[in-house]
1. Taking residue B:66 and the conditions (1) under 15 Å from the mean Cα position of the chain (by Cα); (2) surrounded by fewer than 20 Cβ atoms within 10 Å (Cβ to Cβ), which numbered condition does it fall short on, given that it satisfies the others?
2. Looking only at residues in the range B:86-117 that are within 14 Å of another protein chain (Cβ to nearest Cβ) and crowded, with 22+ Cβ neighbours inside 10 Å, which one is farthest from residue B:253 (Cα to Cα)?
3. Identify, please: which residue in the range B:16-42 is modelled with pLDDT under 90 and within 9 Å of chain A (Cβ to nearest Cβ) and is, among those, surrounded by the most Cβ atoms within 10 Å (Cβ to Cβ)?
4. Just a yes or no: is a residue in the range B:270-282 out of contact with any strand residue (DSSP E or B) (no Cβ under 6 Å at 6 or more places or on another chain), within 14 Å of chain A (Cβ to nearest Cβ) and touching a residue at least 60 places away in the same chain (Cβ under 8 Å)?
5. Considering only the range B:108-131, how many residues are assigned to a helix (DSSP H, G or I) and over 19 Å from residue B:207 (Cα atoms)?
6. Please pick out the residue among B:215, B:270, B:250, B:211 that is on the phi < 0 side of the Ramachandran plot and more than 17 Å from the chain's Cα centre (by Cα).
7. Within the range A:199-206, can one find any residue that is surrounded by fewer than 23 Cβ atoms within 10 Å (Cβ to Cβ) and more than 11 Å from every other protein chain (Cβ to nearest Cβ)?
8. For the range A:266-296, what are the residues that are assigned to a loop (DSSP other than H, G, I, E, B) and closer than 27 Å to residue A:31 by Cβ?
């Protein structure tokens, strides 16, 4: 396993940012999800060695997160969320400079910088100063600097934020190419759930500093079945009885009732309860849950 | 060529365990300083004072020729440690050094803060120490060009013009004084510049601070001295403290009648404080509580 963390605790003063997070992640692309303040960025910063956990331990690519941060940073690429660059440098110098700082020999870093910029599609503008780049170009440049030293693991923090649809598709294509066709693990932290669904097979969901769910997306979706219902009659008792049976209910604006049932739930129960409460079931369909449903279920929001 | 055509390729080289991982930071810092438009004008001009003093050394060895040309009215020119002190610890060179650090140092940290670049540095296998060493070495490079290099050039040229080692044998400790003073003044200006550069994201504001605090401290000294006639107020002035210690290093009379150790303590205390603030200010991540 390239990412293993165990019982990580971290506080910002009195605020608990991470509260006993343990992860053991497989190869491939992994999505890191959570609402604002869930602890995603703190977790990435701890894994990179920017922050030292108050409690807990972990290893990234076999390097200890508390004592071997330099080893981690040599073999890990990091694409930060914010705009970040070194002014007055052109893109080639910028990328090669960061390659050199990773420990690459100077000539090799320059050669590799050209390759990385070609790869992300900045070959035409690689001699332009980075401060003249558009938002989309800066995102690509950040990806180029993250891969210039050929890392074994890449942390991508909101890689598609601020991009237009075409730019977003292109960045996602690059991420998928890196993670699927090469032996490079990618951890993507994002608010955009369709991006995660498209690029990742495995997901980690954090909520209030704790691990809310982790696993393969396809398997997590199977844990709870989703049914779509339309009913007529006195619904209050019907709802109460479903909730007593650990079902989670969600009503849409067009009167559709979404019911997430717990594992092993027998769908005959719907008809039994409806009969008991004199409620007519006018529409009953077993539906496919999405990552959005899974996320909402894990963090407890509609 | 798009991603579909090219694809990602692995790098088949090997990482180096560099002895000086901070060197790329220094190299790029120097390179970027030379790209500044006005610096290209200032840099050669900053050596005019050294050329003037070098001419003085040449003239001192050719006084007899000048006397034959202009008569006995030509004043004698003594090349001794005081001459070196006049160049190295003089107010004009300190002013040139101040302009030099404004060009090469004001943006060293403030630009990184402004453009969120610290996280790029610290996501690399760099320690905070390497980052500071890399940035400091940029200032050291330019200030040594104004202090250490001319100091040694003066000694060597004096011996070449004289055609003997007499000067060196008369003052064998002078090279050490040049080294000690250059290190002292460079170390102080490095801490001073990096400290101020870490306080604000605007390079221009930092430049104003570098200039303002240096001259403000001298104005403050003059105001207090005029009112209280106490020489201890010279401890408030950056240039006065440097000149006090500089005079001792070159075995000359101090310009103010107070103990030079006090000036050294003021400069050292400032450097320690600056180091402490720098350590606190420069972080890989900005934590918003």
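1. So residue B:66 meets the others, but not (1).
2. Among those that are within 14 Å of another protein chain (Cβ to nearest Cβ) and crowded, with 22+ Cβ neighbours inside 10 Å, it is B:112.
3. Among those that are modelled with pLDDT under 90 and within 9 Å of chain A (Cβ to nearest Cβ), it is B:18.
4. yes
5. So the answer is 9.
6. After ruling out the rest, the residue left standing is B:250.
7. So far as the range A:199-206 goes, yes, one or more of its residues are surrounded by fewer than 23 Cβ atoms within 10 Å (Cβ to Cβ) and more than 11 Å from every other protein chain (Cβ to nearest Cβ).
8. Selection gives A:288, A:289, A:290.
The values are calculated or read from the model by the stated rules, or taken from the named source; none is laboratory data. Remember, it's a predicted structure, so these values are computed and weren't measured experimentally. For neighbour counting, all protein chains shown are included, and Cβ atoms are generated from backbone atoms with ideal geometry for every residue, glycine included.
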